[in-house]
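The values are calculated or read from the model by the stated rules, or taken from the named source; none is laboratory data. Being a predicted model, the structure only gives us computed values, none of them experimental. Reconstructed Cβ throughout: ideal geometry from the backbone, glycine too, with neighbour counts over all protein chains shown.
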Amino acid sequence: MQPFSFPQNKIFFVAEAGVNHQGDLTIAKQLIDAAVEAGADAIKWQKRTPLMCVPPHLWDVQRQSPWGIMTHKEYRQKIEFGPSDYFVIKEYCRKKGILWFASPWDTLSVDVLWQLDVPLFKIASACVTDLEIVECVAEKGKSVVMSTGMCTLDEIKKAVSILRGKVPQLALLCCTSNYPASIRDLNLNRIHTLKAEFPDCIIGYSGHEVGLWTTLCAVAMGAQIIERHLTLNRSLPGSDHAASVEPQGLKKLITEIRNFEVARGSGDIRVLECEKASIARLRPATENIYPEEPCRLQQ
């Protein structure tokens with residue numbers, strides 16, 4: 001596989017499947033189909049080793065789940081895809097012509113994804129301060145997308161210092177880690193802050209808010225990568241569905257982003273070809289532009 005490189009002249013759009021597949025490969029394939037139909041460039045997943053990611057003191061604690069009350073350990077084991085499942089996902093994405101990658105939540109999951117020849121890695125906001133995972137990802141030498149929700153600037157800098165020079169490309173995503181996030185907490189100006197602090201990184205936006213317009217604002221503010229969670233139905237039970245976008249909404253969002261790319265243009269100031277007919281129709285002849293006598297209001 002050729003090393004992955006982020007596109008230079010278009011927004012790279014990631015449909016985040018997360019755990020919205022409910023541990024069901026049929027739903028996972030439907031999410032892939034929806035991402036392809038919407039025009040997404042990639043679809044992203046989350047990979048965990050449940051007993052490494054759930055603290056032992058929470059293993060037997062009861063929690064609500066789409067299948068009723070169960071322990072944290074049971075829930076994570078039920079919703080998790082194994083290596084063979086991810087091989088099916090990888091092949092289905094290849095067949096459908098969409099890039100796939102995932103965010104590992106532990107070092108064993110980094111190795112699993114590496115063996116599956118994942119084209120790039122995602123470091124989730126929750127893992128930015130887990131320097132063991134950051135170092136493990138860095139050692140793989142693949143391009144990395146890292147979300148920066150619930151992080152201080154110093155925490156981001158520490159992770160970047162580990163990744164910088166070891167990965168071909170590094171992207172940082174402005175992010176608010178609340179599901180769903182209130183618009184008053186989005187702080188989109190962090191896009192500008194990240195650009196100023198990390199000029200050698202690609203800067204993007206990972207949104208968990210309800211609605212689409214704020215994500216379009218992030219694009220207009222310079223985000224080069226966009227990530228939004230995808231669900232088949234926002235009313236489904238589960239932790240991420242309410243902060244996700246349904247297929248029709250995802251297609252509308254990507255369409256508007258592509259329209260923005262066209263409308264953005266080059267920035268050159270000149271007479272456009274489409275304006276020449278208007279010049280001939282709306283402007284007076286050159287010799288009549290400046291009359292000998294100034295125009296005066298009629299008394």
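Listed by first and then second residue, the pairs linking a residue in the range 116-132 that is surrounded by fewer than 23 Cβ atoms within 10 Å (Cβ to Cβ) and at pLDDT 95 or above to a residue that is hydroxyl-bearing (Ser, Thr, Tyr) and part of a loop (DSSP other than H, G, I, E, B), with Cβ atoms under 6 Å apart and 6 or more places separating them unless they lie on different chains, are 125/177. Of all the residues that make up the range 260-269, how many are modelled with pLDDT under 95 and among the charged types (D, E, K, R)? Selection size over the range 260-269: 2. With respect to the stated conditions, residue 204 is small (Gly, Ala, Ser) and crowded, with 22+ Cβ neighbours inside 10 Å. For the range 234-267, filtering for residues that are of a type in the set (Lys, Arg) and within 17 Å of the chain's Cα centre (by Cα) leaves 3.
The number of residues in the range 210-242 being among the charged types (D, E, K, R) and either surrounded by fewer than 16 Cβ atoms within 10 Å (Cβ to Cβ) or at pLDDT 95 or above (or both) comes to 2.
The set of residues from the range 93-106 being surrounded by 14 or more Cβ atoms within 10 Å (Cβ to Cβ) and either free of Cβ contacts under 8 Å to residues at least 40 places away in the same chain or within 19 Å of residue 4 (Cα to Cα) (or both) comprises 93, 96, 98, 99, 100, 101, 102, 103, 104. Set side by side, the residues 228, 184 differ, and just one is in a helix (DSSP H, G or I) and out of contact with any helix residue (DSSP H, G or I) (no Cβ under 6 Å at 6 or more places or on another chain), which is 184.
Based on what the data block shows, is residue 113 at pLDDT 90 or above and surrounded by 14 or more Cβ atoms within 10 Å (Cβ to Cβ)? Yes, satisfied.
If a residue has to be closer than 25 Å to residue 38 by Cα and either part of a helix (DSSP H, G or I) or not hydrophobic (A, V, I, L, M, F, W, C) (or both) to count, how many in the range 91-116 make the cut? Summing the residues that are closer than 25 Å to residue 38 by Cα and either part of a helix (DSSP H, G or I) or not hydrophobic (A, V, I, L, M, F, W, C) (or both) in the range 91-116 gives 8. All of (1) aliphatic (A, V, I, L, M); (2) crowded, with 16+ Cβ neighbours inside 10 Å; (3) closer than 25 Å to residue 158 by Cβ hold for residue 42 with one exception: (3). Checked against the criterion of being aliphatic (A, V, I, L, M), surrounded by 10 or more Cβ atoms within 10 Å (Cβ to Cβ) and either modelled with pLDDT under 70 or closer than 30 Å to residue 230 by Cα (or both), the candidates 257, 289 yield just one match: 257. Looking across the range 50-90, just one residue is more than 23 Å from the chain's Cα centre (by Cα), touching a residue at least 60 places away in the same chain (Cβ under 8 Å) and crowded, with 18+ Cβ neighbours inside 10 Å, and that is 65. State whether the residues of the range 25-39 include one that is without any contact (Cβ under 8 Å) to a residue 12 or more places away in the chain, of a type outside the set (A, V, I, L, M) and within 30 Å of residue 252 (Cβ to Cβ). Yes, the range 25-39 contains at least one residue that is without any contact (Cβ under 8 Å) to a residue 12 or more places away in the chain, of a type outside the set (A, V, I, L, M) and within 30 Å of residue 252 (Cβ to Cβ). Can you tell me how many residues in the range 154-175 are polar (S, T, N, Q) and more than 20 Å from the chain's Cα centre (by Cα)? Here the count works out to 1.
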